[in-house]
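Before any comments, here is the structure.
The values are calculated or read from the model by the stated rules, or taken from the named source; none is laboratory data. As the structure is a computational prediction, the values presented were derived from the model and not from experiment. Here Cβ is always computed from backbone atoms with ideal geometry, including for glycine, and neighbour counts include all displayed protein chains. Heavy atoms of the whole protein, side chains included, go into the accessibility calculation; ligands, DNA and RNA do not. Shrake-Rupley method; radii C 1.70, N 1.55, O 1.52, S 1.80 Å.
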Amino acid sequence: ECDLNLDGQINHDEFVKFIQKLTTDTLVVVSQGLLVTLVVAPTVAMATKKATEGVPGVGKVVQKLPNSIYASLVTLAMVWFQTSREGIE
């Protein structure tokens, strides 16, 4: 796929293009992961904290946790879930 001139070897220019494509693809995946981790996860955490405050047993524990710790725990759970799914695909 990277051997553009089909000579059976990857020359310097083909290698550079391969690395650029690989870097671009990796950047997209990492950027999406960072977006989920830094924006979506804390937002979901605060929404779920409000929703679980009324649940018997769980609600009192959730109310006692500071928002920052609760958001961190939910973010870690989401990252763990995301990385565990990547192994399945």
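Once every Cα of the chain carries one equal point scatterer and solvent is ignored, give the base-10 log of I(q)/I(0) from the Debye formula at q = 0.13 Å⁻¹, two decimals.
Once normalised to I(0) and log-transformed, intensities are -0.61.
Go ahead and estimate [θ] at 222 nm for the chain from helices alone: -39,500 (n - 2.57) per DSSP H run with n ≥ 4, summed, over the residue count, rounded to 500.
-24500 deg cm²/dmol
If one computes the Cα centroid of segment 39-66 and of segment 5-34, what distance in Å separates the two points?
42
Taking the highest mean first, how do the peptides 59-65, 73-79, 26-32 order by number of other beta carbon atoms within 10 angstrom per residue?
With the highest mean Cβ count within 10 Å placed first, the list reads 73-79, 59-65, 26-32.
With +1 on each Lys and Arg Cβ and -1 on each Asp and Glu Cβ, and nothing else charged, work out how big the dipole of segment 10-84 is about its Cα centre, in Debye to the nearest 20.
With only Lys, Arg, Asp and Glu charged at Cβ, the dipole is about 460 debye.
With a 10 Å radius around each residue's Cβ, average the other Cβ atoms per peptide and rank 42-49, 7-14, highest first.
Going from most to least packed, we get 42-49, 7-14.
Ignoring ligands, DNA and RNA, what percent of the accessible area of segment 10-84 is carbon or sulfur (1.4 Å)?
74
Which of the lysines could be linked to Lys60 by a straight reach, that is with a Cα gap under 26 Å, when you skip same-chain ones fewer than 8 residues away?
Correct list for Lys60: Lys49, Lys50.
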